[in-house]
Amino acid sequence: MAVVREFTLPDLGEGLTEATIVHWMVEVGEVVAIDQPVVEVETAKAMVEVPCPYGGVVTARFGEEGAEVPVGAPLVTVAVGAVPDDLAGAGPGTGPDAGAGAEGGTPDAGGASGAPADGAADAGSGNVLVGYGTSAASARRRRIRPGPGAGPTAGVPRPPGGVADGSAGAGAAEGTPGGSEAVAAGATAVGAIGVTAAAGTSGAAGPAEAGAVEDDGRTVAVISPLVRRMAREHGLDLRELTGSGRDGLILRTDVECAIRARQERETAGAAGAATTVGADGVAGAGVTGVSRAGAVTTVGAVTGAAAGEERIPLKGMLGAAAEKFSRSRREIPEATCWVEADATELLAARRAMNVPGAPKVSLLAVLARICTAALARFPALNSTVDTEAQEIVRLPAVHLGFAAQTDRGLVVPVVRDAHARTVEELSAEIARLTETARAGGLSLAELTHGTFTLNNYGVFGVDGSTPIINHPEAAMLGIGRIAAKPWVHEGELAVRQVVQLSLTFDHRVCDGGTAGGFLRFVADCVEQPALLLRTL
């Protein structure tokens, strides 16, 4: 007999109390395996795929995409040990699902099953769902939805009355007129884990599904779940966009530009219609079926749109960043000092490192190595302030954060134990974290507990900045653009590659002498990279 288990939003760590549902990965009536991701949520730190510790049939789903869910609130309910009748009876040589690899609900050759035997799923996976889920490998499969008029025999049975998140029952699916996405007849294969797509066939995916193969065989080049969500919310067909990212990747800016362009077209069209309204308020030539009240409403809407007012909720990562910036300014008495340095020799040293066959070293990695050397000399800047105990806490290890711009906004990945890494190791780790950040896959551990931040704002083409310290850290080193400028070199005027360095620091942890000494050491190493040899 099946037992219904309720799976609630687990504690995702770092004191997070809520998350926003970004994308449901299962439907009501689908079979899920133990530790299979069922929903993708966005916390104030990162995107998280939340795995369910129970295996069985999903009987209810709570919350719509875009809704905020507090920790401890129900996400789904699962009938543990239950297998839909059409799945339980599937076996070799029976119906369109022949050869599915499951007979009578028994596990397949891989040993995975949506309804584990011996009541194993009754107690769940036994893994603690903190951070990014359980330790077991997550079972993945393609979601298949029933087409119009398809009943439980289509592979996804649904209980009467719809699902618990308020969406319609059988036949209702997001983004498709008529409430469902079509599935090619006979194009499903039912396994012990759930429903998968048979080779050579595919369902008609919605326009905002990442990696979905469309009717013309084209794959939508999009990675970010946020980009997919924005497209869904605005009814935008990603197939019509050309991405500006690498290999045609569709970025958030591409979607935003497309949305703005459509809004401008609609505004222009509405404005054109408004000009046909005569002095007496009656629609003129070219406008039919528009009442006087309707015309007034249209003109009012156009006027409001022309004002350009837009309200963006401070939620998720945006809200968390706003709170952190505000807290930093409230609590930290910051000061900034800066200096210009000749980076010509630094660039030459980097070119010498990048010889054929050697690991590639980025300029940011060289600057990171200079940072760790400077912090070894001036440890006061690798600290934090305990406001409750009224103590300065000097930290033994350097966990170096660096600012990275992504589709979801600015994030600060953290290189653990940066002080113990070589410049090649720093370069490899920075590259890994950057790629992971752009794909939206950074874990909480990779985004938190930094002790010092390196901010390369020179990539934006600016020389200087007075950044806000990444609370609760005590300092941030800023790197401006490196540009050719006139410079006195060895007593003569020459054109050199010059960079502006700035240090923003918490005046509670040190005075200007310490901050100036740190910044001067960094500038000297930029001008004479050989000085780093003294710190080894």
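The values are calculated or read from the model by the stated rules, or taken from the named source; none is laboratory data. In this text the structure is predicted, and so the values were computed from the model without any measurement. These area figures cover heavy atoms from the full protein model, side chains too; ligands, DNA and RNA do not enter into them. Shrake-Rupley method; radii C 1.70, N 1.55, O 1.52, S 1.80 Å.
With a 1.4 Å probe and all protein chains left in place, how much accessible area per residue does region 367-423 have, in Å²?
On the way: 2480 Å² over 57 residues.
Per-residue accessible area for region 367-423 comes out at 44 Å².
Determine the shape class of region 467-536: with a ≥ b ≥ c the square roots of the Cα gyration tensor eigenvalues, call it rounded for a/c under 1.5, and otherwise prolate if a/b is greater than b/c, oblate otherwise.
On the way: a/c = 2.44, a/b = 1.71, b/c = 1.42.
Prolate, since a/c reaches 1.5 and a/b exceeds b/c.
By how many nm would the segment from residue 257 to residue 390 grow when fully extended, if each residue of separation counts as 0.36 nm and the alpha-carbon distance is taken off? Present the calculation step by step, with values, prior to reporting the outcome.
Details: separation 133, 0.36 × 133 = 47.88 nm, distance 4.85 nm.
The span from residue 257 to residue 390 would gain 43.0 nm if fully extended.
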With just the Cα atoms defining each centre, how far is region 391-439 from region 28-81? Give it in Å. 31 Å
Cα gyration tensor, region 376-473 - rounded (a/c under 1.5), prolate or oblate: prolate
Once the piece of chain linking residue 320 and residue 358 is laid out straight, how much longer is it, given 0.36 nm per residue of separation minus the C-alpha distance between them? 9.7 nm
